[in-house]
Amino acid sequence: MLGQGCGKKVLARGPCAEVTRCTCGHIHLAMGPVTIRVEEEVLRAIGVTLTEAVQNLDGVEPSSPEDSEPAPSMQAPLFGGWKQ
């Protein structure tokens, strides 16, 4: 219906970013004036990448690929393409 938007639940909030989930299922990653809408598996892959980057900044040796599960694919799903 016109005039009704999605309800949002805050998943996490920090000094420079906020992550919310809409009732329609989209996840919104807001950083300052930029908001990125992603699917759950993409958010998880971003989290793995950011964790690795922070560990490398701190000089922590990343774990070997055999010790961890592979990160979710960042490719568009074959059945529907990227959501916009």
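Matching residues to (1) in a helix (DSSP H, G or I); (2) surrounded by 10 or more Cβ atoms within 10 Å (Cβ to Cβ):
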residue: A30; (1), (2): no, yes
residue: R37; (1), (2): no, yes
residue: V42; (1), (2): yes, yes
residue: E52; (1), (2): yes, yes
residue: E61; (1), (2): no, no
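Assuming L78 fulfils every condition listed in (1) at pLDDT below 95; (2) surrounded by 11 or more Cβ atoms within 10 Å (Cβ to Cβ); (3) aliphatic (A, V, I, L, M) apart from one, which condition is it? The single condition L78 does not satisfy is (2). Just need a number here: residues in region 1-10 that are open to solvent by 80 Å² or more (accessible area, probe 1.4 Å) and either of a type in the set (A, V, I, L, M) or part of a helix (DSSP H, G or I) (or both). Of the residues in that region, 2 qualify.
Within region 15-28, no residue satisfies the criterion of being among the aliphatic types (A, V, I, L, M), surrounded by 14 or more Cβ atoms within 10 Å (Cβ to Cβ) and more than 10 Å from the chain's Cα centre (by Cα).
The values are calculated or read from the model by the stated rules, or taken from the named source; none is laboratory data. For clarity, every value in this text was computed on a predicted model and none was experimentally measured. Quick reminder, even Gly has a Cβ in these numbers, built from the backbone with ideal geometry, and neighbours come from all protein chains shown. With ligands, DNA and RNA removed, areas are computed over all heavy atoms of the protein, side chains included. Shrake-Rupley method; radii C 1.70, N 1.55, O 1.52, S 1.80 Å.
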